[in-house]
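Just below is one structure, and these are the notes that go with it.
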Amino acid sequence: MPTFYPGPSKVYPQVANYAAEAVRSGIVSLNHRSAGFMDIVRQAIEQLHQKLAIPSDYHIAFVSSATECWEIVAQSLTGSTSLHPHSGAFGQKWMEYAHRIRPMVRPDLADTLCLVQNETSNGTQLNRETLTQFRQDFTGLIAVDAVSSMAGIALDWTRADVWFASVQKCFGLPAGLAVLVYSPAALARAEAIGERAHYNSLLFIHENFSRFQTPYTPNGLGIYCLLRVLEQLPPIAEVDARTRNRATEWYRFFEQDTNHLPFTLLIDEPTRRSDTVIAVEGPPEAIKAVKTAASTAGITLGNGYGAWKNTTFRIANFPAIDDDEIAQLKTFLRQYRP
């Protein structure tokens, strides 16, 4: 069944073989301090640098989820408090969570700026120009939640100090693993703060990953599958071009080919529209009906989220989704009659 749910979303079909390979070869039974497992970690990190064009001086670690990264940023990288300009539910959640750890007292004292590059809840994103402007205007550390875009589009890594994403979206993998990328400036901030009170304190994480080890027993299967998926992927510039072309086609489709349907694009301003999550708005009863009809046709549409739960459906535009599946959904929507 084609699924366009925006996370967890479709995994690459090869993942089944990679997982079986890991079991048959004994990789999943490796001690996480062993030379064999450390070599897998090393290779996965090298592949991330190569395939996603991550600068060589930026560090990479693996943690459990993007939500854990929210905690790491607040605990280990925020000295006073953080600012959270946001456009949707996940940016709001990050702000609320971070301020429970580092309460907001005075905004002018904030030393960390937290941004969501791609807001999955409503299909908005920060474009390159906006992120560049934030970099020019804010003198502190910048952290970016790139959950729905990392490995799907090319990111301007030097425009921020911390980037992170869970793998169940554009990486085309099962949930349970996240990639944390941090700059030399972020590491220097962590050293200045000196926070070591938690199992996931960044300094403890960094010390372990500098030896290609993990601070706790990791998701070894997830790391191995990540390595194998990265090996099969083209460079991010090619993935980026394909993702953006598909997004352009999706937006054109809803503007030109679905006039018979009671739906419109949720985001009016083209420069704010996500390249990886397309949000479509309509009356609650129409949204419910089209999702039901799609399911009957063997297609899974993404539910709405947060304030848009009942008035939108979402379409993932992730790399693992193939052209035939997209064509199938477009045919369904062209033929669908409420």
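The values are calculated or read from the model by the stated rules, or taken from the named source; none is laboratory data. Nothing here was measured: the structure is a model prediction, and the numbers come from that model. A quick note on method: Cβ atoms are made from the backbone with ideal geometry, for glycine too, and the neighbour counts reach across all protein chains shown.
Any residue in the stretch 150-157 that is in a helix (DSSP H, G or I) and within 25 Å of Gln47 (Cβ to Cβ)? Yes, some residue in the stretch 150-157 is in a helix (DSSP H, G or I) and within 25 Å of Gln47 (Cβ to Cβ).
Does Glu68 satisfy the criteria of being in contact (Cβ under 8 Å) with a residue 12 or more places away in the chain, under 20 Å from Ala165 (Cβ atoms) and among the acidic types (Asp, Glu)?
Values: in contact (Cβ under 8 Å) with a residue 12 or more places away in the chain: yes; under 20 Å from Ala165 (Cβ atoms): yes; among the acidic types (Asp, Glu): yes.
Criteria met by Glu68.
For every residue, the table says whether it meets (1) over 25 Å from Pro284 (Cα atoms); (2) outside any helix (DSSP H, G or I); (3) in contact with a helix residue (DSSP H, G or I) (Cβ under 8 Å, 6 or more places away or on another chain).
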{"residue": "Asn208", "(1), (2), (3)": "yes, no, no"}
{"residue": "Phe212", "(1), (2), (3)": "yes, yes, yes"}
{"residue": "Tyr224", "(1), (2), (3)": "yes, no, yes"}
{"residue": "Leu230", "(1), (2), (3)": "yes, no, yes"}
{"residue": "Arg242", "(1), (2), (3)": "yes, no, no"}
{"residue": "Glu249", "(1), (2), (3)": "yes, no, no"}
{"residue": "Asn259", "(1), (2), (3)": "no, yes, no"}
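Within the stretch 186-203, being exposed (fewer than 14 other Cβ atoms within 10 Å of the Cβ), of a type outside the set (Asp, Glu) and not in a loop (DSSP other than H, G, I, E, B) holds for Ala188, Ala192. Quick check on my filter: what residues within the stretch 289-331 are modelled with pLDDT of 95 or more and either on the phi > 0 side of the Ramachandran plot or assigned by TED's automatic domain parsing to the domain that holds Leu52 (or both)? Matches in the stretch 289-331: Gly298 only.
Checked against the criteria, Thr217 does not count as surrounded by fewer than 16 Cβ atoms within 10 Å (Cβ to Cβ), outside the structural domain of Phe138 (by TED's automatic domain parsing), farther than 14 Å from Ile54 by Cβ and not charged (D, E, K, R). Would you be able to say whether some residue in the stretch 5-21 is in a helix (DSSP H, G or I), out of contact with any Pro (no Cβ under 9 Å at 6 or more places or on another chain) and within 20 Å of Arg135 (Cβ to Cβ)? No, every residue in the stretch 5-21 fails to be in a helix (DSSP H, G or I), out of contact with any Pro (no Cβ under 9 Å at 6 or more places or on another chain) and within 20 Å of Arg135 (Cβ to Cβ).
Restricting to the stretch 23-76, name every residue that is part of a helix (DSSP H, G or I), among the β-branched types (Val, Ile, Thr) and under 28 Å from Ala197 (Cα atoms).
If we filter the stretch 23-76 for residues that are part of a helix (DSSP H, G or I), which is where we start, we get 23-25, 27-29, 35-51, 66-76.
Imposing the further condition that a residue be among the β-branched types (Val, Ile, Thr) reduces the set to 23, 27-28, 40-41, 45, 67, 72-73.
Those that are part of a helix (DSSP H, G or I), among the β-branched types (Val, Ile, Thr) and under 28 Å from Ala197 (Cα atoms): Val41, Ile45, Thr67, Ile72, Val73.
When the stretch 92-121 is filtered for residues that are crowded, with 24+ Cβ neighbours inside 10 Å and not in a strand (DSSP E or B), the ones remaining, listed by number, are Trp94, Ala98, Gln117, Thr120, Ser121.
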